[in-house]
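Accompanying notes for the structure given below.
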Amino acid sequence: MNRTVVVDFDGTVAVGRHHNDAKPTCTKGAKKALKALRDMGFKVLICSARSWTGWGTNLYHDDMVRWLRMHRIPHDGVVTEKVPALAYVDDRGLTFNDNWSEIVIRLRMRKKLADYQEAQGGRGNR
């Protein structure tokens, strides 16, 4: 059985999602939960596009790794791509259970909220 759990960084482990946030903070309960998963025998990988180097640059990877170490976040590595895993933990995920019509409805609602927030001067869809 695959015992890997992939956890999104921005919005799931750390609050302060944008690259220009100087001091993101750890989300409440993240450290304890990730430790519990590792204690249960899971391999915990942190996933983020921040560490993607596809354009020949590595702007945020080192900062993110330093942040994980500084906050003593239990993990077994950092990935930038979808790897085989038992589960993905993400603040934006939608669970697919042969429910495409529900997925479309949920995304329509998210779009309306993001459009409203943007019109009000907010961040919209981060």
Filtered residues of the range 71-126 (kept if of a type in the set (Val, Ile, Thr), surrounded by 13 or more Cβ atoms within 10 Å (Cβ to Cβ) and in a helix (DSSP H, G or I)): 103
Pairs returned, first residue in the range 89-106 that is over 15 Å from residue 7 (Cα atoms), second residue that is not in a loop (DSSP other than H, G, I, E, B), beta-carbon separation under 7 angstrom, 6 or more apart or interchain, are 96/103
Out of everything in the range 15-51 that is over 18 Å from residue 85 (Cβ atoms) and in contact with a His (Cβ under 8 Å, 6 or more places away or on another chain), what residue ends up being modelled with the highest pLDDT? 31
Long-range neighbours under 7 Å by Cβ, at least six apart or interchain, first residue within 12 Å of residue 89 (Cβ to Cβ) within the range 11-35, second assigned to a loop (DSSP other than H, G, I, E, B) and at pLDDT below 85: 11/17
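The values are calculated or read from the model by the stated rules, or taken from the named source; none is laboratory data. This one's a predicted model, so the numbers in the text were calculated from it and none came from an experiment. So basically every Cβ, Gly included, is an ideal-geometry build from the backbone, and we count neighbours across all protein chains shown.
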